[in-house]
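Values in this text are rule-based calculations from the coordinates and carry no lab data. Quantities reported herein were computed from a predicted structural model and do not represent experimental measurements. We place every Cβ from the backbone using ideal geometry, glycine too, and count neighbours over all the protein chains shown.
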């Protein structure tokens, strides 16, 4: 039989709470076998699930950084547009007067 860990051990290994481990099991993110009233998790499944969670977290961080960069570019464009609008208004006002 493959090396398995308990909920408490899985929580300690991954640095999350036992409740988080249970939620991941219930959502189907972490395979586990129910033995009586307890869950047993194959260590290989725990390691694979943890690696996948890290990949997802890193991807989300990358997306967050890209969103921040886009927001900064949009702000710069809005400032440039506002500057152009002021310049155009000044030219029109000067031409009319």
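Taking R0 as 25 Å, what's the FRET efficiency between residue 16 and residue 79 from their Cβ-Cβ distance, rounded to 0.05? Show your work: numbers first, answer last.
Details: r = 43 Å, r/R0 = 1.72.
It comes to 0.05.
Could you sort 21-27, 87-93 so that the peptide with the highest average Cβ count within 10 Å comes first and the rest follow in order?
Ranking, from highest mean packing down: 21-27, 87-93.
Add -39500 (n - 2.57) for each DSSP H run of 4 or more in the chain, then divide by its residues: what number comes out at 222 nm, to the nearest 500 deg cm²/dmol?
On the way: 3 runs with 71 residues, N = 97.
-26000 deg cm²/dmol, from helical runs alone.
Which Rg and Dmax, in Å, describe the Cα atoms of the chain?
Considering the chain through its Cα atoms, Rg and Dmax are 27.0, 91 Å.
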